[in-house]
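S.K.: One structure is given below, represented as structure tokens, and several questions about it will come after.
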Amino acid sequence: MAQYPIPKSSTQQQQVPIEIPRSFTSIQRPSVGGPPFSNFFDGYNNHSKLPRLSIASERRINFLPPFLSIILGSNYFLIVLCILLIVPILELAIGIAYQDQCSVNIYIPRYLIVTGACGIILIALTIMIIASFICCVKQDSIAGSCLSTCIIGIIIVIIFLMIIFLFAWFIAGNVWVFGARNIVDFDNEKSLNYCHSTLYNFAFWIIIVTYILTVVGCCVACCRACFAKSFISQFAV
């Protein structure tokens, strides 16, 4: 005969407390042995939305000073180089055109020819540095970046040696041009002191302008250094 369970009385029934479920946030949710799923995936989503650095911003040429890197990457520097290219071209053209018309000193036209040729080579090498710098920044391979860096280093060494030579050649040009200043004759072509006026005056004023630009450049560099130092000291205080 089947037996049915006897229901307990109200006094015997145990009152079980009813818990109201609470909504846990990502911070309040308890973790069991690992990070909460919401925090993990939220962090992953946030990380995936971060902007990635481009290849050009990540690659840098470490051996170049920062200011030189900025100059080489500027378009204005290319424009200045193209304008400055006019001067050595004029020196080379005038020196070749009047190389046999300066008997007072045959080295004056040679001075212009050598200075103009070296100036053109220097500007061409500088443009090659800019092109190699851009290629080095945009290279995706390590081998290509290293090759561009080596090319830049070799060109910089060549430019440094040429600058030393041009400095010595400039001093020699001063001696030749200013040494003939008091005895030069612009009228009598048969005179031993004759020199074509265009040739001599161009060489003379090129040297004068070089001195002026050197002094102005030194003053600008000193003023810039002083302003930069005072600007940094104001923020340091």
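All of the numbers you see were taken from the coordinates with simple rules; none came from a lab. Only a predicted model underlies this, so the values are computations on that prediction, with no experimental measurement involved. Backbone-built Cβ (ideal geometry, glycine too); neighbour counts: all protein chains shown.
S.K.: With the crude spin-label approximation of a point 7 Å out along Cα→Cβ, what separation in nm comes out for residue 166 versus residue 192?
M.R.: Between residue 166 and residue 192, the simple spin-label model gives 3.6 nm.
S.K.: May I pose another question? Quote the FRET efficiency, to the nearest 0.05, computed for residue 182 versus residue 210 with a Förster distance R0 of 22 Å and r equal to the Cβ-Cβ distance.
M.R.: The computed FRET efficiency comes out at 0.55.
S.K.: Treating only the Cα positions of segment 147-194 as identical point scatterers, give the base-10 log of I(q)/I(0) from the Debye formula at each q in 0.20, 0.27 Å⁻¹.
M.R.: -0.74, -0.91
S.K.: Quote to one decimal, in nm, the extra length available between residue 117 and residue 218 on full extension: 0.36 nm per residue of separation minus the C-alpha distance between them.
M.R.: Result for the pair: 33.8 nm of gain on full extension.
S.K.: Another one. Under the rule of at least 5 residues apart or a separate chain, name every residue whose amide H is placed under 5 Å from the amide H of residue 185.
M.R.: 194, 195
S.K.: Now for a different question. If you stretched the chain out fully between residue 128 and residue 107, how much longer would it get, using 0.36 nm times the residue separation minus the C-alpha to C-alpha distance?
M.R.: Gain on extension, residue 128 to residue 107, equals 4.5 nm.
S.K.: Could you compute the FRET efficiency for residue 150 and residue 82, with r as their C-beta to C-beta distance and R0 at 45 Å, rounded to 0.05?
M.R.: Taking R0 as 45 Å, the efficiency between residue 150 and residue 82 is 0.95.
S.K.: OK, next. Apply the Karplus curve 6.51 cos²θ - 1.76 cosθ + 1.60, θ = phi - 60°, to the phi angles in segment 171-188 and return the couplings in whole Hz, x for Gly and Pro.
M.R.: Coupling constants for segment 171-188: 5, 5, x, 4, 5, 5, 6, 6, x, 9, 5, 8, 10, 5, 10, 9, 9, 8 Hz.
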